[in-house]
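Written below as structure tokens is the structure these notes are about.
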Amino acid sequence: MLKAMAKDAGFLKHKRITNHSVRKLLVQKLRNANIPPTETMAITGHKHVQSITNYSNISVEQQQK
């Protein structure tokens, strides 16, 4: 299902998109938007703050540069 959704959304074929990569991207975007960790956890379904702080502090935009 995720592959079909990614195709419909126009994602590039050479990018590997998984449930984990989408979840990680969402956590990073929410962090960049200054959304509190408790709200991020409610959105993503993480049960522990440590789970979301394990993701890189570097934003996606910074990684792309």
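How much length is gained on full extension from Thr53 to Thr18, taking 0.36 nm per residue of separation minus their Cα-Cα distance? Spell out each step's value before the answer.
Values: separation 35, 0.36 × 35 = 12.60 nm, distance 1.95 nm.
Going from the current span to full extension adds 10.6 nm.
Can you tell me how much longer the chain between Asn32 and Phe11 gets when fully stretched, taken as 0.36 nm per residue apart minus their C-alpha distance, in nm with one decimal?
On the way: separation 21, 0.36 × 21 = 7.56 nm, distance 2.17 nm.
That works out to 5.4 nm of additional length.
Values in this text are rule-based calculations from the coordinates and carry no lab data. This structure is a prediction, so every number in the text was calculated from the model and none was measured.
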